[in-house]
1. List the pairs from Lys215/Lys383; Lys172/Lys259; Lys65/Lys259; Lys184/Lys259; Lys184/Lys215 whose alpha-carbon separation is above 18 Å, in the order I gave them.
2. Calculate, axis by axis, the spread of Cα positions in the chain along the three principal axes, and write the results as whole Å, longest axis first.
3. Which whole-angstrom value gives the distance between the alpha carbon centres of the range 312-367 and the range 99-154?
4. For the range 306-320, take each phi angle, set θ = phi - 60°, evaluate the Karplus expression 6.51 cos²θ - 1.76 cosθ + 1.60, and give the result in whole Hz per residue in order, putting x for glycine and proline.
5. For the range 208-222, what does the Karplus curve 6.51 cos²θ - 1.76 cosθ + 1.60, with θ = phi - 60°, yield as ³J(HN,Hα) per residue in whole Hz, taken in order and with x for Gly and Pro?
6. With no solvent and one equal point scatterer placed on each C-alpha of the range 402-531, evaluate the Debye formula and give log10 I(q)/I(0) for q = 0.14 Å⁻¹, two decimals.
7. Just grab the label-to-label distance for Ala96 and Ala532, each label 7 Å out from Cα along the Cβ direction, in nm (one decimal).
8. Once the other residues with Cβ under 9 Å from the Cβ of Ile78 are scored (Lys, Arg +1; Asp, Glu -1), what is the net sum?
Amino acid sequence: MSATHEVFNQPEPLVDVNLFEGNRALQDALRFNAPALDVAALRALGQQVGSAGMQQHARLANVYKPQLRTHDRFGRRIDQVEFHPSYHALMSAATAAGLHGTPWAQAAPSPHLHRAAAFMLFTELEPSILCPISMTYAVTPALQGNPAIYADWAPQLTSRAYDPALRRWKDKPGVTVGMGMTEKQGGSDVRANTTQAVPEGCDGWGQRFTVTGHKWFFSAPMCDAFLILAQTPAGLSCLFLPRVLPDGTLNRLFIQRLKDKLGNQANASSEVEFAGATAWLVGEEGRGVPQILAMGTLTRLDCALGTSGLMRQALSLALDHTAQRMAFGKRLIEQPLMRNVLADLALESEAATALALRLASSFDRPDDEHERIMQRLLTPVAKFWICKRGSAFAQEAMECLGGNGYVEEGGEGILARIYREMPVNSIWEGAGNIMALDLLRALRKADAAAALAHELAPAKGMHPALDHLAARLPTRVEQMATAMEARRLAQDVALAVQAALLAQTAPAAVFGAFCDSRLGGEWGHSFGSLGAGADVDAIIARARPR
Ligand SMILES: Cc1cc2nc3c(=O)[nH]c(=O)nc-3n(C[C@H](O)[C@H](O)[C@H](O)COP(=O)(O)OP(=O)(O)OC[C@H]3O[C@@H](n4cnc5c(N)ncnc54)[C@H](O)[C@@H]3O)c2cc1C
C-alpha cells in the first residue's frame with residue numbers, strides 16, 4: 001500500500017494452478033498419440049510445477065547465477081561451478097520426474113511421449129536447468145555405441161536420483177551427461193574441429209585416447225561425463241570423456257570461464273580446455289558426426305518441446321493478465337483487438353504442441369517404417385519452425401502485459417525471462433539454416449514424399465487451403481528444393497503437418513482459423529491479424545489456463 005494512492009487494477013500472479021489440467025491442447029494431443037496413456041503422473045507434475053514454492057525456486061535459480069570456482073583457496077585447481085540451492089531443488093525435481101533418462105528403462109507404454117509431455121510442463125517452471133537433463137536423456141542412443149561404457153553407466157543414467165557431487169560415477173546414485181562439439185573456429189561446421197585425440201591403449205572400456213584442445217561452448221560443465229568430438233588418426237570421432245576417471249582422479253578438463261548469456265541464466269555454459277584429458281572411443285573411429293548426432297536428434301526434439309512449453313506458459317500469462325486488467329471500461333480480454341491477438345497466439349501455441357508431441361511419439365515406435373521416416377523428417381522441421389516462431393511469440397505475449405511484461409523485478413517478471421530464453425532453442429543444437437538444410441538431406445534419403453502424403457491424408461477434404469498445400473507438397477519434396485528454398489519448404493511442411501494434426505486433435509474453431517490464417521492468406525504479418533470469420537471466443541475459451 002502507498003500513502004498517496006490505492007493500488008488497484010494490478011493482476012494477481014498465476015500461481016498454484018495445475019498446469020496440466022489447464023492445458024487442453026496438451027491433453028488432446030496426448031489422447032491423439034496414445035489414447036490409453038495413463039496421465040496420473042502428469043497431473044501430479046502439473047500441480048507441482050505450477051506451485052508457488054517451485055516457482056520461487058525458478059526465480060532464485062535465475063537471479064543467483066552459477067559461479068565458477070577454478071581454484072580452491074590454496075591454489076589447487078578444482079574447476080567447479082557453484083549453484084544456488086534452488087538450482088539443485090529444480091534438478092532434483094526434474095530427475096525425480098524421470099525427464100533425464102527414465103524412458104530408456106521403462107516397459108510402460110509410450111515412455112518417450114509421456115516424458116515429452118512432462119518435459120513441456122517442466123519447461124513452464126524453469127527451462128534452463130533442463131539443458132543437462134535433456135542432454136542426459138539424449139545420450140543413450142549414442143552411448144550405446146560403446147556397449148561396455150553403456151553397461152557400466154546405464155543404471156545411474158536411468159535412475160531417478162540426483163547427486164550434484166563431483167565423484168566417480170559408480171559412487172553416485174545418479175549422473176548427468178553433456179556434449180562438446182562447438183569450437184571457436186566452427187560450430188555448425190564441426191569438421192573444422194581441431195581438438196586432437198591420440199590413441200594411448202585399450203582397456204575394459206575399449207580404445208583409450210589422450211585429448212588436447214578446447215570447446216568454445218560447453219554447457220553444464222558439472223555433468224559427470226561428456227560426449228565430445230575430436231580428431232583421431234582416422235578423422236573426427238566421438239569420445240566419452242568422464243569428469244572423474246575410474247581411479248577417482250579428476251580428468252584434465254579445465255573450465256576457463258562461464259558464458260555471460262542473454263537468457264538461460266540458471267544453467268552454466270562454459271568454455272573448456274582439455275590438457276591431456278582421457279577419453280574413450282564411442283562408435284566407429286572417424287564416424288564421430290553421425291555417432292554424436294544420435295544424441296543431437298533427441299536434443300533437437302527437446303528444443304521443439306521446450307519452445308512449445310514456453311509458448312504455452314507465455315500464452316497462459318497473457319490470458320491470465322488480460323482477464324484481470326481493466327482498460328477503457330472493459331477487461332483487456334474483452335477488447336476485440338486483444339481477443340484477436342490472444343486467439344492468434346493460442347493457435348500458434350496449440351499447433352506447436354501438436355507438432356512437438358507428434359514428433360515425440362515417433363520415438364516410441366522405432367520399428368514402424370512410417371514413424372522412422374517421420375522422425376527423420378519432422379526433427380529438423382519442428383526444431384526449425386517452432387523455435388523460429390518462439391521469439392516473436394514471446395514478444396507479443398509480453399506486450400499483452402504492457403509495461404509490466406518488460407520488467408524483471410528480481411526475477412518475478414516471468415515473461416521477460418521467457419523472452420530472453422526464447423532464442424537459445426533456435427540457435428543451439430543446429431541454428432535455423434542448419435535445420436532447414438538438414439531437411440533437404442532427410443528428403444534425399446527416405447521415401448519422404450509418400451510418407452508425407454500418408455501423414456496428411458486423414459485431413460483430406462477438411463479445408464480447401466490445406467488440400468491445396470497438401471496436393472503440392474509431395475511434388476515439391478520429390479523435386480528436391482535447393483538450399484535457397486530450404487527454409488520455405490521447412491515452413492510449409494511444418495504448417496501442413498500442424499494443420500493436419502489440428503484437424504484430428506482440436507475443435508473446428510482452432511483448425512479452421514489455423515488453416516484460414518496460416519494457409520489461406522486470411523492473415524497479416526503480425527499476431528492479432530486473424531480474419532473476421534475466426535471464432536475467437538471458442539479459441540480463447542479453450543486456451544484459458546484456469
Ligand atoms: C547458451 C549456449 C549453450 C551452448 N552449449 C553448447 C554445448 O553444450 N555444446 C556444444 O557443442 N555447443 C553448444 N553451443 C553452441 C551451439 O550449438 C552453436 O553456437 C551453434 O551450433 C552454432 O554454431 P556457431 O556458434 O559456431 O555458429 P556458426 O556455425 O558460425 O553459424 C552462424 C550462422 O550461420 C548459419 N550457417 C552456418 N552454415 C551455414 C550454411 N552452410 N548455409 C547457411 N547458413 C549457415 C547458422 O545457421 C548460423 O545462423 C551452445 C550455444 C549457446 C548459445
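Read-outs throughout are calculated quantities, based only on the coordinates presented, and are distinct from any laboratory measurement. Treat the numbers as computed from the prediction; the structure is a model and nothing was measured. Heads up, the Cβs are rebuilt from the backbone with ideal geometry, glycines too, and the neighbour counts pull from every protein chain shown.
1. Lys215/Lys383; Lys172/Lys259
2. Sorted from largest, the Cα extents of the chain read 73, 69, 42 Å.
3. Computed from Cα coordinates, the inter-centre distance equals 27 Å.
4. With coefficients 6.51, -1.76 and 1.60, one gets x, 5, 4, x, 5, 4, 4, 5, 5, 5, 4, 5, 5, 5, 5 Hz.
5. 9, 10, 9, 10, 10, x, 8, 9, 7, 10, 8, 6, 6, x, 8
6. Debye curve over Cα of the range 402-531, log10 I(q)/I(0) at q = 0.14 Å⁻¹: -0.79.
7. 5.5 nm
8. +1
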